[in-house]
Every structure is written in structure tokens, then in C-alpha cells.
Amino acid sequence: MSDVFPVSEQWAETSRCDKAKYRAMYERSVKDPDGFWAEMAERLDWMRKPTRIKNTSFEGDVRIRWYEDGELNVCYNCVDRHLEKRGDQVAIIWEADDPNIDRKITYRELHEKVCKLANVLKAQGVKKGDRVTIYLPMIPEAAYAMLACARIGAIHSVVFGGFSPDSLADRINDAQSKLVITCDGGVRGGRAVPLKENADKALEKCPADVKILMFRHTGLDVPMKKGRDIDAGPLMKEASADCPPERMNAEDPLFILYTSGSTGKPKGVLHTSGGYLVYAALTHEYVFDYKDGDIYWCTADVGWVTGHSYILYGPLANGATTLMFEGIPTYPSITRFWDVIDKHKVTIFYTAPTAIRSLMQKGDEPVKKSSRKSLRLLGSVGEPINPEVWKWYHRVVGDSRCPIVDTWWQTETGGILISALPGAIDLKPGSATLPFFGVQPALVDNDGKILEGPAEGNLVMVDSWPGQMRTVYGDHERFVQTYFSTFKGYYFTGDGARRDEDGYYWITGRVDDVINVSGHRLGTAEVESALVAHPAVAEAAVVGYPHDIKGQGIFCYVTLQADIEPSEDLRKELVAWVRKEIGPIASPDVIQWAPGLPKTRSGKIMRRILRKIAANEFDNLGDTSTLADPAVVDELIENRKSL
Ligand code: ATP
Ligand code: MG
């Protein structure tokens, strides 16, 4: 039996959605998708109202079209249309890496900056349909750049500012961008990030006609290559603030974004305009119960899809005040998140399990130093959140007062697919709970047979939703192969899940990572959560490795709490602990102490690398370009050798 945190009376009364409304809306959304999504599209301003709503097929060539005869401009919907009512309202609160610096940008200012930049881009020859790579830190210019592209119909490809020159070059080349927008340098946790220098190195591997448009941020002295590098500052000053938004078809591409690379080589996910924006805005409003006056903070980077949909597009389409944070959770001290919450009176806070785990490791004390009384809702995204971590987040950060929405989704899905709606859905720690409107998840066995009732299997989607990706940029065949060939007629997520007696979904981990012990299939999340529930354990990653008798054995990498020393006794205790929590079948065969775990730059554990290390295959680690800290891997290999 899992714990249940029922909807409180107060939430049931004040939230946008209650139990009955959720059920009614969900039912309508799947029975009458055309009617439902036509109505939901009314939240946007269309230049031409769509009459054809859903035209999708998961068969054959896989064509996905939503609102296909509609016309709109995404930037207009995120900025211009708010001017009349909200011109002086803050659109973006920018909190710098340095805790003494922040800036508030109203919708009016945002409009002016975006129009000017759009004109600068046009003057550089950027046209509708061209790709523009954005390689910026978390500064307002990143938002201006994305919106300016949307305004003129250029397709942006944002590359996380922490990526290396090689990774940047790959992404510029894959998207065939002719322009890279960057700045002199960034700062994260007080440390300089040489963005322009990285871009220079990247361009050595790109065609000669690729140009750089550079903003100044840190004032770093950087060489400018004549005829190639353009200083954005003077051009922005001179540019006109009048730039009519381009008329775009709903199915015109809005952006390309590469996935995190947890399971393999990143894919260039393509999203289009109308369906994406309807979906991002609607989910933002319902999942976060967003209302006028909220101060909303999503801690993701704009280089990830979470930053696209839930820092920028969803919130701005809803006329929200969205906070953009340049820094990291631990600078200048581990109270930074809570300090920022108090400073700006944040009401909705959305972050990732990796950040929560690292802060939880430091205990309750640093959190308790802050008030956090403005908070009313918490969110989690990116990985399964271990129930112990969920409870800590709820009890300590949210003072047992704020519901947590555990939002399951992917770069490919454009927006949240499975999540609680606060006030409408009772919470269970560790479960993403129920599908959003229009989303039809199902579990299938390995032969593609649909499983009914409580079950565990491969998580697929039976039908399309407006925010779904349309193709892999430049490689539709890869799109069909990756997502629609494993289980015919369904979108395959690559994740495994369990559905309980209440119909709640529990993500068990990536299907590629499933461990098969003597014919029993074990998800990584369950074993990891059992380990993390032990007071000595801060973080754990579990993989299978070749085992003579069982087929696969269970190999656990365990990071201990800061003040705990590894010992043989503790190892035995943890094995016994997991046996007790889950059962003898889940009994760990090997526990290796891990000072750190290999993670993607977005903070996800890369189990495919851990699997190779466990199997003693050190020479063949696969694509490691998205790894945050390669030194962690070397250390784990050394430890593995001496095991
Ligand atoms: P790649 O596809 O390149 O391997 P990735 O899957 O990590 O990278 P993203 O699109 O950033 O790229 O991540 C989506 C994945 O993150 C999901 O498929 C799921 O495995 C995991 N995930 C996201 N949110 C949650 C959540 N709330 N609970 C459990 N897992 C989650
Ligand atoms: Mg993925």
C-alpha cells in the first residue's frame, strides 16, 4: 500500500479544477477530441481560426497535424496580445547568478526588445523557415532571441550553454543553422563560462558562412572575427521597435530541440506552432493551477524542453510572471533556492529530483532558515522522484502545505502528459498519477498486447495530443523507426510503467534499463527508491550486469550521505534492507560506493554508462558528449577495477 495525500478542502475549493471537473473534462477530451481541442484553441489569438482540428495517424508514414488550416504567430500570443491589459505587468523576473543583481522586465519592455532583435535578425538576412542556433546562458536575451525567431518565423534551436564546442558544432550542423546567437560569456556559481570562445571553436567545424551574433553580458574581452562576428549591442540600439509578426501556419515549425542523450545519441525533435502553444499554455494553467498574481518559477534551463514550455512559451502565452534564474542551487550557498523564493515571493516552484536530492543531503536546517510562506505549489520533472525524496520535499520545503505535481513528459511530448492536477487528484509520492486532458496512455506487453487494469509494461500513447513532436528534423524515417515501429499503431515512450488499482501511473524507469533477474523484470526506479529510503543513502543508480546463474544480476551504485563512511557492514545492511523493502528477488548482488554518478547536463542519471562499467566494458561507453562531468566516470571505472 502506498501513502495517499488527499486533496485538501482548501485546495478543492480554490483550485482551477476539482475532481468532478477533471473527470468530465478528461472524458470529453477523449470522446470528442475535435470539439474539445477546438474549444481549447480559443485561448489563443488566431490570425485565421482553425476549422480542421485533428488530423493524425500513428500508422505507416505517421502524419501528425493539428489545427492545420489555422494561422497565428506564437510571439504575438506570448507578448503583443498582453500589452493592452498587462503592458506594465512584469513578464520576466531575472535573478542573476550574483544574488545582488536582478531585473524585472515588463510585457511592454519585452515587446520592444523582441521587436528590435527580430529586426536585427531580418537585417542579417534571417527569413521564415531558416534555422537559428541559440547558445546563451539564462539571461533575458535568451527569451528575446527565442521570441524574435518565432516572430519572424525562423526556427530556433537552443543549445544548452553548458555544452562543449563539439556538441554545439554537431547541433549547428545537424540543423544547418546559418546564425548562432551567443554572448561573450556566462557565469554559473561564480565561475565564468566562455561562451563566445566555445562558439569560435565550434565554428571551426561548421561551414564558412555561419555567422555569430553576440550580446555582451559579462564584459569579457573577446576577439571578434571580421566579416563573421556581429556585435548585437549597437544594432539593437539602432533597430526599429516596430516589427509586424509573421503570419504562420499552425503546422509551421517553431523549434528544433535535441533530447538529453540519456539513452543514446540526441535526436533533433521538431515542434510546430499552433498545437504546441495550445498544449503548453493549457498544461501550464491547469497543472500549476496558474492564476493572475502568481509568481511562477521553473528552475530548468531554457536549453531543455522544460525551459521552452514552462519558463517561456506556456507561462507567457498565459500572461504570467515567470522567473528566470541564471545561477545554480548551491551558490553562493545551499540556501539559494529558498532565498530566491523569499526574495521574489514565489508562489509556484518547479524543479528536478536531482536538485532536490542534492539539497536534501544537506538536511532540513538550511531550508528552515527561510520563510517560504509565499509558496503554494511544488513541482518535479525529469526523473522518477523517489518517494522518500518526495516526502522530504513536501514536508520540509512545502511545510506539508503545498501539493506536489510530479510531471511526467518528454522533449518529444512538448508538454506534460501525466501529472496530478492540484485540487483535483489525490497525490501518491512517487506516482505521476493520471493523464492530462486528451492524453491516452496504455501499457503493452513485449508483444504489443494492451494490458488492462493494474499492470506493468511498456508505456505507450494510443492517440495524438496537440503538443506532440512532428518529426526528427531532417530524418522522418528515424522518427517513425524510433517511436512507432516497436509497437505498431502506438507512440512508444521508451519508458516502463506500472498502473495501480486506482489507475495511477508509476514510471518504473527506461525500458532499456529494465533488469531481468531469473525471468523477473525489475524497473530501476523501484530498487533505487528502496536504497534512497535508507537513511545512509543520498542517491543510487541500479543496473543489470551479466550473471551466470540469474541471467542478470543487480548492480547498485550508491552515494552515501555526506557524513557517512562506507563499510562492509553497511553494504550488508543495504542488501538486507532492499530484500526487506521489495523482496528477495530484488536483492542486490553488487554494491559499489560511488562518490558521484554520471549525469546528463540536465541532471539525469546515465545508466547506459553505468551498465558498461558494471559489465567491465570500459572501452565502449557510447556517446558521452552530453555527460556533465567526465571525471565521475573515470573514478567509477577505477573503483570498479578494484572491486
Ligand atoms: P534521450 O531521449 O536522448 O535518451 P532523455 O529521454 O533523458 O534523453 P528528455 O526528453 O529530456 O530526454 O527526458 C524525458 C525522459 O525523462 C522521460 O522519458 C523519462 O524517462 C524521464 N522523466 C521525465 N519526467 C519524469 C517524471 N516525472 N517521472 C519519471 N521519469 C521522468
Ligand atoms: Mg528520451
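The values are calculated or read from the model by the stated rules, or taken from the named source; none is laboratory data. Since the structure is predicted, the reported quantities are computational estimates derived from the model, not experimental observations. A quick note on method: Cβ atoms are made from the backbone with ideal geometry, for glycine too, and the neighbour counts reach across all protein chains shown.
Summary table below
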{"quantity": "Residue under evaluation residue 432, criteria (1) surrounded by fewer than 22 Cβ atoms within 10 Å (Cβ to Cβ); (2) within 26 Å of residue 283 (Cα to Cα); (3) within 16 Å of ligand 2 (Cβ to nearest atom); (4) aliphatic (A, V, I, L, M), criterion not met", "calculated": "(1)"}
{"quantity": "In the stretch 499-522, the residues that are within 16 Å of ligand 2 (Cβ to nearest atom) and either of a type in the set (Lys, Arg) or buried (at least 21 other Cβ atoms within 10 Å of the Cβ) (or both)", "calculated": "507, 508, 509, 510, 513"}
{"quantity": "Breaking point among (1) at pLDDT below 95; (2) within 16 Å of ligand 2 (Cβ to nearest atom), for residue 584", "calculated": "(2)"}
{"quantity": "Residue match in the stretch 168-179 (condition: surrounded by fewer than 24 Cβ atoms within 10 Å (Cβ to Cβ) and either in contact with a Leu (Cβ under 6 Å, 6 or more places away or on another chain) or in a strand (DSSP E or B) (or both))", "calculated": "yes"}
{"quantity": "Residue within the stretch 414-426 that is farther than 30 Å from residue 271 by Cα and either surrounded by fewer than 24 Cβ atoms within 10 Å (Cβ to Cβ) or more than 16 Å from ligand 1 (Cβ to nearest atom) (or both) present", "calculated": "yes"}
{"quantity": "Breaking point among (1) under 30 Å from residue 300 (Cα atoms); (2) surrounded by fewer than 20 Cβ atoms within 10 Å (Cβ to Cβ); (3) without any contact (Cβ under 8 Å) to a residue 40 or more places away in the chain; (4) not aromatic (Phe, Trp, Tyr), for residue 613", "calculated": "(2)"}
{"quantity": "Elements of type helices (runs of 4 or more DSSP H) in the stretch 342-427, at least 3 residues being away from ligand 2 (no atom under 16 Å from the Cβ), under 25 Å from residue 582 (Cα atoms) and in contact with a helix residue (DSSP H, G or I) (Cβ under 6 Å, 6 or more places away or on another chain)", "calculated": "353-360, 387-392"}
{"quantity": "Residue satisfying condition, being among the acidic types (Asp, Glu), in contact (Cβ under 8 Å) with a residue 24 or more places away in the chain and surrounded by fewer than 20 Cβ atoms within 10 Å (Cβ to Cβ), within set 568, 526, 539, 581", "calculated": "581"}
{"quantity": "Every residue from the stretch 203-254 that is under 31 Å from the mean Cα position of the chain (by Cα) and among the hydroxyl-bearing types (Ser, Thr, Tyr)", "calculated": "218"}
{"quantity": "Count - residues of the stretch 291-310 that are farther than 24 Å from residue 253 by Cβ and crowded, with 23+ Cβ neighbours inside 10 Å", "calculated": "3"}
{"quantity": "Considering residues of the stretch 481-524 that are polar (S, T, N, Q) and assigned to a strand (DSSP E or B) only, the residue nearest to ligand 1 (Cβ to nearest atom)", "calculated": "493"}
{"quantity": "Yes/no for residue 246 being surrounded by 14 or more Cβ atoms within 10 Å (Cβ to Cβ) and closer than 30 Å to residue 64 by Cβ", "calculated": "yes"}
{"quantity": "Any hit, the stretch 85-99, residues being surrounded by fewer than 16 Cβ atoms within 10 Å (Cβ to Cβ), at pLDDT 95 or above, within 26 Å of the chain's Cα centre (by Cα) and not basic (Lys, Arg)", "calculated": "yes"}
{"quantity": "The stretch 284-321: number of residues that are in a helix (DSSP H, G or I) and farther than 24 Å from residue 603 by Cβ", "calculated": "4"}
{"quantity": "Helices (runs of 4 or more DSSP H) contained in the stretch 1-101 and holding at least 2 residues on the phi < 0 side of the Ramachandran plot and of a type in the set (Ser, Thr, Tyr)", "calculated": "19-31"}
{"quantity": "Residues of the stretch 458-498 classified as within 16 Å of residue 435 (Cβ to Cβ) and away from ligand 2 (no atom under 15 Å from the Cβ), total", "calculated": "8"}
{"quantity": "Residue match in the stretch 628-635 (condition: surrounded by fewer than 20 Cβ atoms within 10 Å (Cβ to Cβ) and touching a Gly at 6+ places or on another chain (Cβ under 6 Å))", "calculated": "yes"}
{"quantity": "Near pairs, Cβ below 8 angstrom, 6+ apart or cross-chain, from the stretch 153-182 (under 30 Å from residue 250 (Cβ atoms)) to any residue that is among the charged types (D, E, K, R) and modelled with pLDDT under 95", "calculated": "160/601"}
{"quantity": "Matching residues, the stretch 214-273, being of a type in the set (A, V, I, L, M) and within 14 Å of ligand 1 (Cβ to nearest atom)", "calculated": "256, 257, 269, 270"}
{"quantity": "So residue 334, is it more than 16 Å from ligand 1 (Cβ to nearest atom), at pLDDT 95 or above, in a loop (DSSP other than H, G, I, E, B) and touching a Pro at 6+ places or on another chain (Cβ under 7 Å)", "calculated": "yes"}
{"quantity": "Residue 287 being of a type in the set (A, V, I, L, M, F, W, C), away from ligand 1 (no atom under 14 Å from the Cβ), at pLDDT 95 or above and closer than 30 Å to residue 15 by Cα", "calculated": "no"}
{"quantity": "Cross-chain or 6+ apart pairs with Cβ under 7 Å, the stretch 487-501 first and closer than 9 Å to residue 460 by Cα, then within 16 Å of ligand 2 (Cβ to nearest atom) and basic (Lys, Arg)", "calculated": "494/510; 495/510"}
{"quantity": "Candidate set: the stretch 262-283, residues that are away from ligand 2 (no atom under 16 Å from the Cβ) and outside any helix (DSSP H, G or I); chosen: the one surrounded by the fewest Cβ atoms within 10 Å (Cβ to Cβ)", "calculated": "273"}
{"quantity": "The stretch 381-402 - residue that is away from ligand 1 (no atom under 14 Å from the Cβ) and in contact with a strand residue (DSSP E or B) (Cβ under 6 Å, 6 or more places away or on another chain) and, of those, farthest from residue 464 (Cα to Cα)", "calculated": "398"}
{"quantity": "Unmet criterion (only one of (1) more than 9 Å from ligand 1 (Cβ to nearest atom); (2) within 16 Å of the chain's Cα centre (by Cα)) for residue 410", "calculated": "(1)"}
{"quantity": "Selected residue [of a type in the set (Asp, Glu) and farther than 24 Å from residue 599 by Cβ] from 301, 342", "calculated": "342"}
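Here is a yes/no grid of residues against (1) over 25 Å from the mean Cα position of the chain (by Cα); (2) under 21 Å from residue 414 (Cβ atoms); (3) of a type in the set (A, V, I, L, M):
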| residue | (1), (2), (3) |
| --- | --- |
| 20 | yes, no, yes |
| 27 | yes, no, no |
| 33 | yes, yes, no |
| 37 | no, yes, no |
| 47 | yes, no, yes |
| 66 | no, yes, no |
